[in-house]
Amino acid sequence: MNFQRLANKSGSLHVLFHGLTLGVMLLGSTGCQPGLPEDEGGLESGTVERELRVANSLTTKALVLNAISTNPTANDLLAGGGLAPLFHPVTGNGYLQLQLRDLDAQSFMSYLVGCALPAGHTIAWEDPLTLTPRTWEGKAGLCPQWEYGAPSDTCKNRVSACLLARNNALGRRVELSMRGEDPLQPALFPLEAQTRPVEYDPDLGNARVPSYEACTAAQSGVGRDCGWKGDFIGRCVPGQAVRLGAGGRAPDQCVTGPALGAWSGARMMLRVCEGNIGCDSGSGRHLGQSQGTCLTTAPAVTFTCPASGFFNVMSAPYDSTLTGGVSVAVETGTLAATSYKLSEKAVYRLREGAYYGNIFDSKALAAKVYVEESGRIVGKEQTVQGSVYRKMFSCQAPEWNNDAAYASYRVCALPGSGANCASRVVGDCYNYSMPSASKCRREDGAVVVGDGDFEDCYDSEGTLWKEPITVYLYEACGLTPGIPSEYCLWRSTKQ
């Protein structure tokens, strides 16, 4: 399912972890060489496995200190009724309407609706600060019943796990993949067999890459930074020459090389970017582009595979007022070992950990934030040691070099201090050297063997939670820039 795909404007829920075969590799925030999955295949059809790829940009502060979920009265109202009637612009609950004067409460609700309702379903509400009608959009569909009725305990737990998985201290919009099992909703979120480039760049303030925006005036030529769209993502061996095209011969093989791919409609262009995010012509991720090669108008590109081992392709018509399409093909059988149109399983392959619990338990709140009748917001500046939500928990995948230290930066609004956290960090999801110390009964759900989703996870009091969500990342440090390098190391083999 493409959940923006829940950017974390929010993004999509998908990707499978598979055993990796390259030996031990340490992945840091830059210059990381990924492990390569043995299998890029998708899930079997008709299973109950859930894959969700989403964007992650809900700040931890907004999650833990907002006037809806961190307000006992509002929390109870939210958990006891349907979202549509509770927030109706005219007949909705007046107390909840008052609490929406807190911008963090608005942000929290946007993510809650995105997690709970299916795509195409919206919740209408009125912004009390501007008196403007607005809507929150559904995406993941983890709790459809919440639209008009009170959620079940299972629903609340799934949405809680989704919310926790989608937060990070800095609010960086980073796409991630979430996995879990739901025997009551078979095949609700099928895995994308082919995944497209990310359109939003966290290094641009979470803004959309300009080249993905429509051109405001007619433009032509490969150097323009508007009117492009993402094709797919590929993988290669770093340092090796990669060749691909949409009807053209590679520029270094005009005489002997074959025509690669094809295009249709208007004359087309190609652009290649490093990693999984699209790029502009002057971007540091730009690897090459073409509006025609070898004295023809058919595009093809030769570039050096980057250190990350991943690239993505964009296409656009030469004339921005026209339309056309491409079928990109890559040169195979070379030292670059190039593969293209990767699955989400192959792109989002680094297992981070599992998130579980219940945010919607007003008796388990360690803080209170609320908006007074005067409009004054109370409780924003408080500091809570540990988790604000005493019934939310997270465990870390055994692939992390220092999982406890990493977790502090991942789930706490004050990273490194252990304060204002969104969950209680309970340890290793699975401990290979001492299985009895594992926080989850299984590191691979029984529904589909080989996908590596943690299931049946315990909290610090020994209570079993059956609705965890396991998160997978594209790069180890994407959610935690600035974290000390020794805390953000991920191994491709388990110890």
Problem - Options Ala193, Ala218; residue that is part of a loop (DSSP other than H, G, I, E, B), at pLDDT 95 or above and hydrophobic (A, V, I, L, M, F, W, C) - result: Ala218
Exercise for the section: Can you tell me which residue among Gly353, Gly375, Gly309, Gly386 is within 23 Å of the chain's Cα centre (by Cα) and not assigned by TED's automatic domain parsing to the domain that holds Gly234? Expected result: Gly353
Handout entry: Meets criteria (in contact with a His (Cβ under 8 Å, 6 or more places away or on another chain) and either outside the structural domain of Asp102 (by TED's automatic domain parsing) or modelled with pLDDT under 95 (or both)) for Tyr318
Key = no
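For (1) of a type in the set (Val, Ile, Thr); (2) under 25 Å from Thr216 (Cβ atoms), each residue gets a yes or a no:
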residue	(1), (2)
Leu287	no, no
Val301	yes, no
Cys305	no, no
Phe310	no, no
Met314	no, yes
Pro317	no, yes
Leu322	no, yes
Practice task
Output the residues belonging to the range 356-412 that are out of contact with any Gly (no Cβ under 9 Å at 6 or more places or on another chain), surrounded by fewer than 22 Cβ atoms within 10 Å (Cβ to Cβ) and either under 21 Å from Gly171 (Cβ atoms) or modelled with pLDDT under 95 (or both).
Solution key: Ile377, Gly379, Lys380, Glu381, Gln382, Thr383, Val384, Pro398, Asn401, Asn402
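Per-residue answers, yes or no, for (1) more than 19 Å from Leu322 (Cβ to Cβ); (2) not hydrophobic (A, V, I, L, M, F, W, C):
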| site | (1), (2) |
| --- | --- |
| Val209 | yes, no |
| Glu213 | no, yes |
| Val222 | no, no |
| Trp228 | no, no |
| Gly239 | yes, yes |
| Ala246 | no, no |
Practice task
Only helices (runs of 4 or more DSSP H) wholly contained in the range 64-138 count here; list those with 2 or more residues that are more than 27 Å from Leu176 (Cβ to Cβ) and either modelled with pLDDT of 95 or more or of a type outside the set (A, V, I, L, M) (or both).
Solution key: 72-79, 83-86, 94-99
Fill in the blank from the handout: Of the listed residues (Ala165, Ala169, Ala161, Ala119), the one being more than 20 Å from Val471 (Cα to Cα) and under 17 Å from the mean Cα position of the chain (by Cα) is Ala119
Exercise for the section: Being over 31 Å from the mean Cα position of the chain (by Cα) and of a type in the set (A, V, I, L, M) is the filter here, so list the residues in the range 233-268 that pass it. Expected result: Ala250, Val255, Ala259, Leu260, Ala262, Ala266
Practice task
For the range 344-355, indicate whether the set of residues that are surrounded by fewer than 21 Cβ atoms within 10 Å (Cβ to Cβ) and not aromatic (Phe, Trp, Tyr) is non-empty.
Solution key: no
Exercise for the section: Kindly indicate whether Leu100 is more than 18 Å from the chain's Cα centre (by Cα), buried (at least 22 other Cβ atoms within 10 Å of the Cβ) and not small (Gly, Ala, Ser). Expected result: yes
Practice task
Could you tell me which residue of the range 314-328 is farthest from Tyr340 (Cα to Cα), considering only residues that are out of contact with any Cys (no Cβ under 8 Å at 6 or more places or on another chain) and crowded, with 19+ Cβ neighbours inside 10 Å?
Solution key: Tyr318
Problem - Residue in the range 260-289 that is surrounded by the most Cβ atoms within 10 Å (Cβ to Cβ), counting only those that are small (Gly, Ala, Ser) and in contact with a Gly (Cβ under 6 Å, 6 or more places away or on another chain) - result: Gly278
Problem - Filter result for Ser408 (assigned by TED's automatic domain parsing to the domain that holds Arg179 and over 22 Å from the mean Cα position of the chain (by Cα)) - result: no
Practice task
Answer yes or no as to whether Cys457 is within 29 Å of Ala140 (Cα to Cα) and at pLDDT 85 or above.
Solution key: yes
Problem - Close pairs from the range 224-247: first within 25 Å of Tyr200 (Cα to Cα), partner crowded, with 18+ Cβ neighbours inside 10 Å and of a type in the set (Asp, Glu), Cβ under 7 Å, at least 6 apart - result: Asp225/Asp280; Gly230/Glu199; Leu244/Glu331
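The values are calculated or read from the model by the stated rules, or taken from the named source; none is laboratory data. These numbers come from a predicted model, not from an experiment. Cβ coordinates were reconstructed from backbone atoms using ideal geometry, including for glycine residues, and neighbour counts include every protein chain displayed.
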